[in-house]
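Chemist: Mind looking over this structure? Questions follow.
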Amino acid sequence: MTLFEKWKKEFDAWEVRAADLSKKVLGSPLVLEPTGALLTAAMRTKARTDRVLGDVWSAVGLPNRRDQERTLRMLTVLERRVIDLEEKLEDAHEELRRARGETR
């Protein structure tokens with residue numbers, strides 16, 4: 001058995017033991033409950049911070065993220081409508097040319 005094979009065998013055994021221990025520790029209510037509470041507190045803090053920053057941006061007169069997303073959505077809709085109108089206008093011009101017997 002080579003040195004690498006020996007090391008690999010020991011590493012695999014360690015990995016199995018570490019995985020078992022990790023499952024026990026991370027699945028324990030003693031770990032899960034405080035971790036869940038910490039995550040909940042962090043998410044509430046983030047939500048509160050986002051609201052405060054949105055209010056600050058609004059007070060300064062700048063658009064917040066929601067305003068920017070709404071504006072982008074409206075611009076996208078308007079762009080699509082302009083493209084559709086351009087296509088319809090081009091089709092109407094083409095029909096008019098054909099009706100007059102003109103060629104391009």
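Chemist: With n ≥ 4 as the cut-off for DSSP H runs, can you work out [θ] at 222 nm for the chain, using -39500 (n - 2.57) per run divided by the number of residues, rounded to the nearest 500?
Modeler: Computed mean residue ellipticity for the chain: -32000 deg cm²/dmol.
Chemist: Right, something else. Could you derive backbone 3J(HN,Hα) for region 70-78 from the dihedral phi with the Karplus parameters 6.51, -1.76 and 1.60 (θ = phi - 60°), listing whole Hz in sequence and x where the residue is Gly or Pro?
Modeler: 5, 5, 4, 4, 5, 4, 5, 5, 4
Chemist: Okay, moving on. Using θ = phi - 60° and the Karplus form 6.51 cos²θ - 1.76 cosθ + 1.60, what ³J(HN,Hα) does each residue of region 24-31 get, whole Hz, x for Gly and Pro?
Modeler: Values per residue, Gly and Pro as x: 5, 5, 6, x, 6, x, 5, 9 Hz.
Chemist: Multiplying the sequence separation of Met1 and Ala13 by 0.36 nm and subtracting their Cα-Cα distance, what value in nm do you get?
Modeler: The span from Met1 to Ala13 would gain 2.7 nm if fully extended.
Chemist: For region 41-50, in order, what is each residue's ³J(HN,Hα) by Karplus, 6.51 cos²θ - 1.76 cosθ + 1.60 with θ = phi - 60°, in whole Hz (x at glycine and Pro)?
Modeler: After applying 6.51 cos²θ - 1.76 cosθ + 1.60, I find 4, 5, 5, 5, 5, 5, 4, 5, 4, 4 Hz.
Chemist: While we're here: What value in Å³ per residue do you get for the convex hull of the alpha-carbon atoms in the chain?
Modeler: 331
Chemist: Could you calculate the contour length gain from Val52 to Thr35, that is, 0.36 nm times the residue separation minus the distance between their Cα atoms, to one decimal place in nm?
Modeler: Difference between extended and current length: 3.6 nm.
Quick note: the coordinates plus some simple rules give every number you see, no bench work behind them. What you see is a predicted model; the values in this text were computed from it and never measured.
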